Amino acid sequence: MKDKKITIAIQKKGRLSDNSKNLLEKSGINFRTSGEKLLARSSNMNIDILLVRDDDIPSLVSKGVADLGIVGENVLAEQTATNSQLKAHTILSLGFSRCSLAFAKPSSSRMKNLSNKAIATSYPGLVKKYLKQNKIKQKLLKLMVLWS
């Protein structure tokens, strides 16, 4: 009986890309990426590597397109906060590429709190959750990040 192929989704470009590739290689998975290809096949194991945008990884795992994914906890938390149908969760923290989310204001601002302020964010789910938990009234503006 032939072993089932495992598909692992990782970030094609960005902060997690090199660390994810190094982790897979240190795990004994031999593969080579080239150009704009979205798929790399392992030469020594029954494993495919999907090279995609980090925002797509939780959805690909949830829908069964990928068996596993390496993604930032911030991305997974945001998508879980905004999509109750998402069926993906953290099974292991890998300990690389840490990040934190924070509110920022101009240093010249005398603002004491966030109540009734307009907040621009690319993490609307996490910000709404935080504001609700802290009973802060606000106006939320979602930022769209476009890459050229």
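Remarks
- The listed residues are 108, 59, 43, and the only one of them that is of a type outside the set (Asp, Glu) and not assigned by TED's automatic domain parsing to the domain that holds residue 19 turns out to be 108.
- Single residue of region 14-29 satisfying the filter (assigned to a loop (DSSP other than H, G, I, E, B) and in contact (Cβ under 8 Å) with a residue 12 or more places away in the chain) that is surrounded by the fewest Cβ atoms within 10 Å (Cβ to Cβ): 28
- Figure legend. Inter-residue proximity from region 45-58: first residues farther than 15 Å from residue 15 by Cβ, second residues in a helix (DSSP H, G or I) and hydrophobic (A, V, I, L, M, F, W, C), beta-carbon distance below 7 Å, spacing 6+ or different chains. Indicated pairs: 49/24; 50/60; 58/75; 58/76.
- Filter pass, residue 98 being under 30 Å from residue 136 (Cβ atoms) and exposed (fewer than 15 other Cβ atoms within 10 Å of the Cβ): yes
- In region 11-30, the condition of being in contact with a helix residue (DSSP H, G or I) (Cβ under 6 Å, 6 or more places away or on another chain) and more than 25 Å from residue 121 (Cβ to Cβ) is met by no residue.
- Among the residues of region 74-126, those that are closer than 17 Å to residue 56 by Cα, free of Cβ contacts under 8 Å to residues at least 24 places away in the same chain and not polar (S, T, N, Q) comprise 75, 76, 89.
- Restricting attention to region 40-71, the residues being within 11 Å of the chain's Cα centre (by Cα) and under 29 Å from residue 3 (Cα atoms) number 10.
The rows are residues; the columns are (1) surrounded by 14 or more Cβ atoms within 10 Å (Cβ to Cβ); (2) of a type in the set (D, E, K, R); (3) modelled with pLDDT of 90 or more.
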site	(1), (2), (3)
45	yes, no, yes
52	yes, no, yes
61	yes, no, yes
65	yes, no, yes
68	yes, no, yes
80	yes, no, no
84	no, no, no
88	yes, no, no
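- Restricting attention to region 95-130, the residues that are among the hydroxyl-bearing types (Ser, Thr, Tyr) and within 25 Å of the chain's Cα centre (by Cα) add up to 6.
The values are calculated or read from the model by the stated rules, or taken from the named source; none is laboratory data. What you see is a predicted model, and the numbers here were worked out from it, not measured in a lab. Positions of Cβ are backbone-derived with ideal geometry, glycine not excepted, and every protein chain shown enters the neighbour counts.
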